[in-house]
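Colleague: I have a structure here, written as structure tokens, and I will follow up with some questions on it.
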Amino acid sequence: MVNLDILIDKFRRHYAKPPRIFSAPGRVNLIGEHTDYNEGFVLPIAIDRRTYVGAAVNDSRVVRVQSLDLNEDSSFSLDQRDGLDTQKWPKWLAYIASVAFELQNRGINLSGADLMISSDVPIGAGLSSSAALEISVAAALLALCNESLDTTDLALTAQKAEHAYVGTLCGIMDQLTVTAAQKSYALLIDCRSLEVKHIDLNLPETTVVICNTNVKHELASSAYNQRRQECEDAVRILRRYLPTISALRDVNLGELKEHANELPDVLYRRARHIITENARTLEAAMALTDGDVEKLGRLMSSSHASLRDDYDVSSAELDLMVELAGSCEGVLGARMTGGGFGGCTVNLVRSDMVESFSRFITDQYRAQTGIEPIIYAVETDDGVKEMK
Ligand code: GLA
């Protein structure tokens, strides 16, 4: 947990002035995986783990930043318009600077700023620690120069910064969840129109539990981009027969099956995942609206099978986590969440069984892999905001 009094106190002592405090949440996706860059549907929630930014203007063109978690200081000039040399910059700083540069590329004239950052979003676990950092910093920098962007433009700006710096051609889900979330609600996002529908997270006596495999695969970024390319290749081939389509969002399962022979097996499976996952996501949104947690759980479990078998983005550790959850009493559904190749699973667990679930998963996962997992029971939270 981040202690705001400590953050404020340290800010005052370090920069000799009081800060304004901005924060943005991490997110977990309930269902709708790898559908965002196929112009489909996703159903994430923002979680009650946040990145906090203390911020005040300074009278220079420099942004000074201190990371309390890493115990590191750094700075960059707002006039350094020639882009980032990502090799030389610490990663956390490059995220911050690329957001600042993208805001300026939109024509916003930022002021120099003093920032102090502290977060309890797990880093590199697939819970969008990067989007939480980008969006909380963007909100702070905008507010300090009396500017604002609506939730969609803020998300698009941070996504652009991420494309430019990380090189992962991510979709819009993470950034848009972090800007548009509301406590108590899941977000059904139409990733074509960017329309966000807030759906009451109506899960009686059920808790969302995240299991972190504590395994990260270095190839995740290139494999992610490869999946994106495969989807585009599938669309190019299918368009010969279905000339009106522009994304896999536009294809139904019947049409895919009809043209199965025209696609190499890998592309067929990739497309089948996207098409069935979009359908599952819309069904899940309906199940959520009806308070049908059993159905939501079943859809989550089918989503995992499709990500594992058709989309090939799971890992041995994620499969083990999901398998263990499946053998545990009180679990309604379990699946990998986020980009995959490591990171976390998301589980729907009967609230009175959360403790025994956590113990079981921790013991079994440790015994079978030698790795210590981390289990977080989470609640929904608000999107980016200034703390009052
Ligand atoms: C990552 C990306 C998102 C999305 C997911 C997979 O989190 O940042 O845009 O594509 O993977 O659903």
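Colleague: Provide a single number: the residues in the range 328-341 that are open to solvent by less than 10 Å² (accessible area, probe 1.4 Å) and not β-branched (V, I, T).
Modeller: 5
Colleague: Take residues that are within 15 Å of the ligand (Cβ to nearest atom) and open to solvent by less than 20 Å² (accessible area, probe 1.4 Å) and tell me which of the helices (runs of 4 or more DSSP H) falling wholly in the range 207-297 contain 1 or more.
Modeller: In the range 207-297, 220-238, 265-290 are the helices (runs of 4 or more DSSP H) which contain 1 or more residues that are within 15 Å of the ligand (Cβ to nearest atom) and open to solvent by less than 20 Å² (accessible area, probe 1.4 Å).
Colleague: Out of all the residues in the range 307-350, which are farther than 18 Å from Q364 by Cα, within 16 Å of the ligand (Cβ to nearest atom) and aliphatic (A, V, I, L, M)?
Modeller: The answer is L307, V313.
Colleague: Could you please find all residues in the range 127-150 being open to solvent by 10 Å² or more (accessible area, probe 1.4 Å) and more than 16 Å from the ligand (Cβ to nearest atom)?
Modeller: Within the range 127-150, A139, A143, L144, C145, N146, E147, S148, L149, D150 qualify.
Colleague: For K160, are the conditions met, namely being under 16 Å from the mean Cα position of the chain (by Cα), within 16 Å of the ligand (Cβ to nearest atom), of a type in the set (K, R) and farther than 25 Å from A334 by Cβ?
Modeller: Against the criterion (under 16 Å from the mean Cα position of the chain (by Cα), within 16 Å of the ligand (Cβ to nearest atom), of a type in the set (K, R) and farther than 25 Å from A334 by Cβ), K160 qualifies.
Colleague: Quick one: would you say F357 is assigned to a helix (DSSP H, G or I) and aromatic (F, W, Y)?
Modeller: So F357 passes the test.
Colleague: If K183 passes every condition in (1) in contact with an Asp or Glu (Cβ under 8 Å, 6 or more places away or on another chain); (2) crowded, with 20+ Cβ neighbours inside 10 Å; (3) not aromatic (F, W, Y) but one, which one does it miss?
Modeller: K183 satisfies all of (1) in contact with an Asp or Glu (Cβ under 8 Å, 6 or more places away or on another chain); (2) crowded, with 20+ Cβ neighbours inside 10 Å; (3) not aromatic (F, W, Y) except (2).
Colleague: With F341, F357 as the choices, which residue is in contact with a helix residue (DSSP H, G or I) (Cβ under 9 Å, 6 or more places away or on another chain), under 18 Å from V28 (Cα atoms) and aromatic (F, W, Y)?
Modeller: Within the list F341, F357, the selection yields F341.
Colleague: A further question follows. Among the listed residues S301, S314, identify the single one that is part of a helix (DSSP H, G or I), among the small types (G, A, S) and buried (at least 17 other Cβ atoms within 10 Å of the Cβ).
Modeller: When all the criteria are applied, what remains is S301.
The values are calculated or read from the model by the stated rules, or taken from the named source; none is laboratory data. Quick caveat: nothing in here was measured; it's all calculated off a predicted structure. Positions of Cβ are generated from backbone atoms using ideal geometry, with glycine treated the same way; all protein chains shown enter the neighbour counts. What goes into the accessible areas is simple: the full protein's heavy atoms, side chains included, and nothing from ligands, DNA or RNA. Shrake-Rupley method; radii C 1.70, N 1.55, O 1.52, S 1.80 Å.
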